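The values are calculated or read from the model by the stated rules, or taken from the named source; none is laboratory data. Since the structure is predicted, the reported quantities are computational estimates derived from the model, not experimental observations. All Cβ positions, even for glycine, are placed from backbone atoms using ideal geometry, and neighbour counts span all protein chains on display. The area values use the complete protein model at the heavy-atom level, side chains included, leaving out ligands, DNA and RNA. Shrake-Rupley method; radii C 1.70, N 1.55, O 1.52, S 1.80 Å.
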Amino acid sequence: MAMLPLVLHWFFIEWYSGKKSSSALLQHLTALLECSVAALVTLLLSDPAGSLHIRSCPVKKLSDWYTMLYNPSPDYITTVHCTHEAVYPLYTIVFIYYAFCLVLMMLLRPLLVKKIACGLGRSDRFKSIYAALYFFPILTVLQAVGGGLLYYAFPYIILVLSLVTLAVYMSASEVEFFKDLLVRKKRLVVLFSHWLLHAYGIISISKLDKLEQDLPLLALVPAPALFYLMTAKYTEPSRILSEGGNGH
């Protein structure tokens, strides 16, 4: 859940930046800075305070995340609300992190966008910020309702989401050949950022329990991008329509 805000920031920045905008790269770096600082401050404020370590009880089963469902009812009529967070602070620390992300975004991003955004209208340049004001409440609700499920599924979510956003970006940017990536440095930055997310997802799934078996899996990181570049020319809509019109 800590990676999702960064992924969504990058996606919406790229989606609304426009092809002629030179500010997207700085916005990407600013989003990375915001999430990194928010994560660092959240860890420093968590128990033990001033340390980058977290003191928490181990998670043994899914029900540990939903202790509120196990409040006792001594007389089977009145429910005693006495349960606490069994996985503290793994559940509430995400909300604290989102709060810092939101505060830092509102402090840094509007000033940056106002000064350096070019090639965009007044209403378009702030759309990536408006998008964050929508997806942060959605992520908060997801964490509140499905925190336990997300705890076990987050590596797969990161991996799938990074694959989808990379495919959408390359399609929207009309990247069909490797040379198209070299035309603009921003495209390479986006590609390498997604590769880092791919690697993070693979490492999270494998947990690197056996290095000699798990490390070779990192060689799969460039595979989705290479597959896209190899097959994009065969799925060009204009080509499909032209061949369909010729009866092929």
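Of the listed requirements (1) aromatic (F, W, Y); (2) open to solvent by 70 Å² or more (accessible area, probe 1.4 Å); (3) at pLDDT 80 or above, Y234 misses just one: (3).
Any residue at all in the range 139-150 that is at pLDDT below 80 and more than 18 Å from the chain's Cα centre (by Cα)?
Checked against the condition, which is being at pLDDT below 80 and more than 18 Å from the chain's Cα centre (by Cα), the range 139-150 yields no hits at all.
In the range 53-94, which residues are aromatic (F, W, Y), open to solvent by 60 Å² or more (accessible area, probe 1.4 Å) and either modelled with pLDDT under 80 or not in a loop (DSSP other than H, G, I, E, B) (or both)? Even if it seems obvious, please write down each step before you answer.
Going residue by residue through the range 53-94, those that are aromatic (F, W, Y) are 65-66, 70, 76, 88, 91.
Next, from what is left, pick out any that are open to solvent by 60 Å² or more (accessible area, probe 1.4 Å): 70, 76, 88.
Y70, Y76, listed by residue number.
Taken over the range 147-160, residues that are within 19 Å of Y228 (Cα to Cα) and surrounded by fewer than 18 Cβ atoms within 10 Å (Cβ to Cβ) amount to 1.
When you scan the range 13-29, do you find a residue that is open to solvent by 50 Å² or more (accessible area, probe 1.4 Å) and on the phi > 0 side of the Ramachandran plot, even just one? For the range 13-29, residues open to solvent by 50 Å² or more (accessible area, probe 1.4 Å) and on the phi > 0 side of the Ramachandran plot: absent.
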